[in-house]
Amino acid sequence: MLGLAQANSAEFDPDGPHSVVCLMDEQRNVTTVGGTMRLGAFQCAIKPGTKAFAAYKSTSISERHRHRYEVNNEYRPRLEAAGLLVSGTTTDGKLVEVIELPSHPWFVGVQCHPEFHSKPTKAHPLFRDFIGAAVARRHKRLSESPDREKA
């Protein structure tokens, strides 16, 4: 999105010139890893009018986390100017929790683990809406197909 040829995550390239994903501040001096990461349920503020809001039907959610890395806030203004929508943050607005690409049919990325709240008979709202968007896109493509008109 930003044209940064060496953009990366500090997890994979700690010395890279553009760590768009970086180690969380509170993790910087951790020497013994294990249960020291951001672990457990955390509150998230969701922006109305977003795909995340449409899925959750709420401006406040709680989801499970297990990570040490986050979107680097130094790049956040540039990412947003390039079209990335930060649709969910920690309640203080400091950490990015949910991102979207409004120009895409359904591009939503989350920092949490929605798979922990999904069941075969009751999908997590993000999975439900992702599958719904895929089905709708397929139906649209089929209805616009030239082969369909010949039939």
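In the chain, a dipole from Cβ-located charges (positive for Lys and Arg, negative for Asp and Glu) runs towards its positive end, and of Phe42, Pro14, His117 it is His117 whose Cα lies farthest in that direction. Charge dipole (Cα centre; +1 on Lys/Arg Cβ, -1 on Asp/Glu Cβ; no other charges) of the chain amounts to roughly 740 debye. Most tightly packed first, judged by the mean number of other beta-carbon atoms within 10 Å of their residues, the peptides 100-106, 134-140 read 100-106, 134-140. Modelled label positions at Ser60 and Lys119, each set 7 Å beyond Cα in the direction of Cβ, lie 2.6 nm from each other. Taking the Cα atoms of the chain, the ratio Rg/Rh between the radius of gyration and the Kirkwood radius comes to 1.04.
For Lys57, the lysines whose Cα comes closer than 21 Å to its Cα, not counting residues fewer than 8 places off in the same chain, are Lys47, Lys119, Lys122.
No value in this document is a laboratory result; all are computed from the given coordinates. Given the structure is predicted, the values throughout are model-derived calculations rather than measurements. A quick note on method: Cβ atoms are made from the backbone with ideal geometry, for glycine too, and the neighbour counts reach across all protein chains shown.
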